[in-house]
Structures are given as structure tokens and as C-alpha cells.
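Coordinate-derived values only; no laboratory data. All figures in this text were calculated on a predicted structure; none of them were measured in a lab. Cβ placement follows ideal geometry from the backbone for every residue including glycine, while neighbour counts extend to all protein chains displayed.
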Amino acid sequence: MKVRYLLNILGKLCLGLLLSLAVNANEPTSMQRVPIPDPPKALENFSTEQPCVEPIDIIRRNHGSLLKHRRNDTMYRGVRTTQYSLAACINCHVTPDAITGNYPSISQDSEHFCRSCHSYVAVTIDCFQCHASKPDTSVNVINSINILDTSRASQ
Amino acid sequence: MNEEISPTPNRRDFLKTTAIVAGITVAPGVLLYGVSQAKSPDDQTITAKKRWGMLIDTNKCVQGCNECVNACITEHGISENVRPDITSQWIRKVGLRDKQTGKEYSLPLFCQHCEHPPCVDVCPTGASFKRVDGIVLVDKHICIGCRYCMMACPYKARSFVHETLKNQKPHSPRGKGTVEACTFCVHRIDKGQSPACVAACQKSGHKAMLFGDIKDPNSEISKKLSHVSSTALRPDMRLNPGIRYQGL
């Protein structure tokens, strides 16, 4: 009798333990985990065929290497098309807050597109120590005068 | 003077052959690129057939005028809030005075985009480099901020960023811990525009700065260089700068 009673209690304890473990695995509280990222919507679609500059599954996986490849093309070969340009990603993906009208900060706000996933997957990039993390809104006076250099234009 | 303009025959032959090899290897890539997407001027990869240069007429450069310097500051967003006294200087106005005659000269001084840049020679990481079209740049992705290049540059043309920066221009990434200098407004050149300082000088009416391709014999700058007398700064160093000065 005694043994049976003990076994019964032990069984109940084990079940309880298992159950509580299962509950823990299924429902972590927000205190325990970084929230699932929710990247903000882009300004517009890249083209009628696809939303981004590459199909979504490709851009999600490979944007890091696309950007790095492109960086060298621009730096050493002067290629400045917008398809993989970081400035173009920012112009399309970083939009002002609907209420305040301010752009999210790359160093503080999880709503910044390029920060949303990275904190979740623990990726740290230092691009934005040098590169602008929001579109340029200032009107540049010098840019407006366009003096085409004849020797390049004729090529 | 002629010595700086034309390198020794051996070096020139070497340059010629390397240019041809580079042309062959680059061509298929360019073709592929052209087929895969619509051509735009931004697509074009740079070529060694061009060399960007500038001719500065010191007779037209006005003492006290700072249009070129201000244009550079605006274009590249060069400012330093923490320690304004150590702000980068990509271009500065320099005054010279001939002790014998008392004649004063005013001229803008900035990266001279040398054919044989000492900053590139000394860089331990390869961050300092010269584009095939002659523009000398810092690849800040691999610059470690050692500042050897600043010491090597005889024109004191380079600056170091000491403080964390904010609100950089999208076309001009700049950041703490890297060396920087005049980029010849490479982002504008690649779009077919002239550098900001040149545009500003033009707009001010002084027209002291002439920019163009010095390898193209028909460009305005080459034509002018072939009939006015001009000099490089410190020609004794034989760096063959892309910037030449008239009236010094």
C-alpha cells in the first residue's frame, strides 16, 4: 500500500513537471524573449512584378552579401545603379512615423527597418556609423545646378 | 617640367600594357551587365581611358572668396559638433606671398589626385587606393585609422574623423576612426556632373576652376593645358598631380 501510494505521488509530480515544462516552451512571456520582428512596410513596390529588388525569399536571405558585393562595385568601379544601392534601400524602406512625422532612429528604435530583424537574430552591422540611415530631406542647393561635363556626356 | 608630365618610357609602356589587359578582362563583364539589365549612365564602369583633372587659374581666384570651401562643406555635410576646431578640411583656401615682389596669390588646396600617390604607397591595409580614372580615395570599409597616409601626403590634404558623426549625407558616408579627403565629388562625376566646388566657383562668376578629362585631347581642359603655362604644386616630388595651377 505504502509503495503504491508513493509511486502515485511521484507519478503526479512528474506529470506536473512535464506539464509545466510544456507550458513554458509554448508560451514564453515577453520578458523572456525578444519580440518577433515586424519590419515596417516599404514606401512602394520595386516593380509591378515584385515588391523588392529581388524576390522576397532571396532578399531575406542574401541582402547582406548583395550589399557587400555592390559596395565594392561602387567603390572601385563607379557603378551607381539603384538596384542594390544601400541609399535606395533606405529611401524605399525607411519611412516617417505616421503620427510624429519623424524617421525612426537606427540606434534606438526597433521600428527602423534595418534594425527590426537584426536585434532578433543578433546581427550587428556597422554600416550606419558612416552611412545615412534615413532619406535625405534637405534641399541641396549645389545639386540643383547640373553642369554636365562635355567630355563624359559625349561618350 | 616635362618630366612630371610624362613618366619614364618604361613605366609608360608598362601602364599601356596593363591598361590593355584590364580592358580585355573587363569587357565581358560589362557585356553581361548590359544584357542582364537596362543600360543607364550609372551602369558604366569607369575606365582608364579617362583621367579626371583640374586646372586652377590663380589670377581668377579671388582673395577672401570661400565659395568652393562652402560648397564642399554643404555637399558632404562636413561639420563637427563636439569639437568644431578639429573639423575635417577637404578643401581650404591658401594665401601665398612672394617675398621679393610682395605679390599675393590666393588658391584652393585639396587632394591633388596624384598619379603616384604617396598615401596609397604607405597604406598598410589597401584602403587608400586610386581608381583607374585617377581619383584617389579612401575605402573606409577597410581603413583602420592609422593615419600613415596623412603623414605621407605632402599637401596635408587628408583629415581624420575624431568624433561620432550624425546625419551624414547619403552620397557621402563619413565616420569616426577613418581618414578622409576630397573625393573629387566622385558621386557627382559618376553621374556626369562636375565637382561641387567647381560648380560653385562657376556660379560665383569667378570661373577659376576648370574640370575635365585630361586624357581626352579634345576636352576643354586639355586644350587649355596645351597652350597656357601651368604647374603642379611641389613638382620636384614627381607625383604628377591631377590638379594643376596657372599663374603661380
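Remarks
- Pair B:Lys156, A:Asn102: separation of 7 Å Cα→Cβ label points (nm): 4.1 nm
- Translational diffusion of the range A:37-153, µm² s⁻¹ [Kirkwood Rh, Cα pairs; Stokes-Einstein; 25 °C; 0.890 mPa s]: 152 µm²/s
- Where labels lie 7 Å past Cα in the beta-carbon direction, separation of B:Lys224 and B:Tyr105 in nm: 1.6 nm
- Extension gain from A:His69 to A:Tyr120, taking 0.36 nm per residue of separation minus the Cα-Cα distance: 15.9 nm
- Cross-link pairs beyond the 23 Å C-alpha cut-off, checked among B:Lys93/B:Lys191; B:Lys49/B:Lys191; B:Lys50/B:Lys224; B:Lys169/B:Lys191; B:Lys93/B:Lys156: B:Lys93/B:Lys191
- Kirkwood's formula applied to the C-alpha pairs of the range A:40-92 gives a hydrodynamic radius of 11.7 angstrom.
- Sites matching GluC sites (Glu not before Pro) across the range B:148-248 that sit in DSSP coil, with at most 16 neighbouring C-beta atoms within 10 Å: B:Glu163
- A straight line joining the Cα centroids of the range A:34-84 and the range A:102-124 runs 16 Å.
- Excluding same-chain neighbours fewer than eight residues apart, the aspartates and glutamates reachable from B:Lys207 by a Cα-Cα span under 14 Å are B:Asp57, B:Glu67, B:Glu220.
- Projected label points at B:His116 and A:Val34, each 7 Å from Cα along the beta carbon direction, are separated by 5.2 nanometres.
- Using a Förster distance of 22 Å, the FRET efficiency for B:Thr87-B:Gln63 (Cβ separation, nearest 0.05): 0.45
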